[in-house]
Amino acid sequence: MATCDVTGVEVGELNPSRRVLLGPGPSDVSDRVLRALAMPTIGHLDPEYLVIMTETCGLLRRVFQTENELTLAVSGTGSAGMEACVCNLIEPGDEMIVCVNGVFGGRMQDVAERCGADVHVLEVPWGEIFDSSAIGDFLKKHPKTKVVGIVHAETSTGAYQPLEEVSRVVHEAGALLLVDAVTSLGGMELKIDDWEIDACYSGTQKCLSCPPGLSPVTFSPAAAEVIDSRESKVQSWYLDMSMVRRYWGEERFYHHTAPINMTYALREALRVVVEEGLEDRVARHTLNHRALRAGLEAMGLVYIPKSSLTTLNAVSIPEGVDDARVRGQLLNDYGIEIGGGLGPFKGKAWRVGLMGSGSTRRNVSLVLGALESVLADEGVKLDRGAGVAACRSVYSAK
Ligand SMILES: Cc1ncc(COP(=O)(O)O)c(C=O)c1O
């Protein structure tokens, strides 16, 4: 194997292990998407690449279930999409409500404050979700609110936030609804137009099963109008949609050099989603989640209350079990990655993702079997075989 010497350290050929990615993201990337990533790089203004950009926008509209013209992939991860949505909709001094029930609502608050918004935080304990009437009452207290931001699938807790009623109360108050769909797009039902979501961002590395690096975003005509009629410049040059949209649109006005190979990968990942069909894909995520849940519960593990995402399973770590040792053993002995807890759940919860191409019966059975054996080593008293049996019965009953 070729090596090169970097200040006395031998750096060999890259050879990352093949893992089974069952954490909070990234999820497993199919060979099909990896092959797309490895296609020849062409110029970002090459006529062929321009076609690929247009096709990617069309596929994104299908997957977001929207007719929104302003739909594209921001160069950057999900947090760049978050920042793009907030900084384009908010001008300094604008009022914004941010609903915080975990890490990512908290991040949106931070981003909004950095954009100069006058932020009103509506908070519920981690793991809880928001009642639309509480959001309606909060909007009455803050009638000048321009944007309400909320997380559809809170990856830090497993909480699933229903959106239809929230959308109704937000619009009744004359505000725009901004949704974080990083852990739901392509895995859970998400209907941008039917649910009247004004701005939404996601990431490529979760239920789309693509490497991290792009952030799909979409803006409703009302949101696009707000962007068009801004009085001040967007404080981020890079994420300014008035310029980025000219790059992705008909005009092809040079803005930055898009990550060309990542666009290939996203295009292929979206083709996979559309070929499977959104309904079938959501049903697959639901079935595999139900099987995993039955298995984990049969092993005596307890879900974080209200954890109901089908893409991410958050369970409490049993008393006396060493979090890092279990995750280390799963990784080293079985090649399986699961996630630890964040914030108040650090050391107290595991997060098992079943996202995109990683949401399979094989992975459910694999993680249940491996976890059972690792927990037994940790001295946890469990009924050997009960987890896999419970999961099998969900599949047999379907
Ligand atoms: C719900 C949610 N929002 C935002 C993000 C940030 O995305 P990224 O890490 O791709 O920047 C994540 C990442 O895990 C997430 O789960």
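The values are calculated or read from the model by the stated rules, or taken from the named source; none is laboratory data. Quantities reported herein were computed from a predicted structural model and do not represent experimental measurements. Ideal geometry is used to build each Cβ from the backbone, glycine not excepted, and the neighbour counts take in all protein chains shown. Remember, those area values only see protein heavy atoms, side chains included, never the ligands or the DNA or RNA. Shrake-Rupley method; radii C 1.70, N 1.55, O 1.52, S 1.80 Å.
Taking the stretch 44-72 as the range and being touching a helix residue (DSSP H, G or I) at 6+ places or on another chain (Cβ under 8 Å) and not in a helix (DSSP H, G or I) as the test, the residues that pass are HIS44, GLN65, GLU67, ASN68, GLU69, LEU70, THR71, LEU72. Report, ordered by the first and then the second residue, all pairs with beta carbons closer than 7 Å, sequence separation of six or more or different chains, a first member in the stretch 250-267 that is assigned by TED's automatic domain parsing to the domain that holds THR71, and a second member that is among the polar types (S, T, N, Q) and assigned to a loop (DSSP other than H, G, I, E, B). Matching pairs, first to second residue: ILE260/THR41; ASN261/THR41; LEU266/THR204.
The listed residues are GLY136, GLY149, GLY116, GLY174, and the only one of them that is away from the ligand (no atom under 16 Å from the Cβ), open to solvent by less than 40 Å² (accessible area, probe 1.4 Å) and within 15 Å of MET96 (Cβ to Cβ) turns out to be GLY116. Criterion applied to GLU189, GLU225, GLU196 was being closer than 19 Å to GLU275 by Cα, among the acidic types (Asp, Glu) and either away from the ligand (no atom under 12 Å from the Cβ) or not assigned by TED's automatic domain parsing to the domain that holds LEU59 (or both), and the one residue passing it is GLU189.
Counting only helices (runs of 4 or more DSSP H) that sit wholly inside the stretch 187-300, those with at least 1 residues that are acidic (Asp, Glu) and under 30 Å from LYS381 (Cα atoms) are 278-298.
Restricted to strands (runs of 3 or more DSSP E) entirely inside the stretch 73-178, no element has at least 2 residues that are assigned by TED's automatic domain parsing to the domain that holds HIS289, modelled with pLDDT of 95 or more and of a type in the set (Asp, Glu). Screening PHE219, PHE130 for residues that are open to solvent by less than 10 Å² (accessible area, probe 1.4 Å) and away from the ligand (no atom under 12 Å from the Cβ) leaves exactly one candidate, PHE219.
Of LEU22, LEU45, all but one fail to be outside the structural domain of ASP193 (by TED's automatic domain parsing) and either buried (at least 21 other Cβ atoms within 10 Å of the Cβ) or at pLDDT below 95 (or both); the exception is LEU22. Checking the structure you have, find out if any residue of the stretch 269-291 is polar (S, T, N, Q) and within 14 Å of GLY358 (Cα to Cα). Yes, the stretch 269-291 contains at least one residue that is polar (S, T, N, Q) and within 14 Å of GLY358 (Cα to Cα). Number of residues in the stretch 340-364 that are open to solvent by 30 Å² or more (accessible area, probe 1.4 Å), closer than 16 Å to LEU301 by Cβ and in contact (Cβ under 8 Å) with a residue 60 or more places away in the chain: the value is 1.
Which ones in the stretch 370-381 are touching a residue at least 24 places away in the same chain (Cβ under 8 Å) and either touching a helix residue (DSSP H, G or I) at 6+ places or on another chain (Cβ under 6 Å) or under 17 Å from ILE336 (Cβ atoms) (or both)? Listed by number, the residues that qualify are ALA370, LEU371, GLU372, VAL374, LEU375, ASP377, GLU378.
Screening the stretch 226-270 for residues that are over 23 Å from CYS207 (Cβ atoms) and among the basic types (Lys, Arg) and picking the one that is nearest to the chain's Cα centre (by Cα) gives ARG245.
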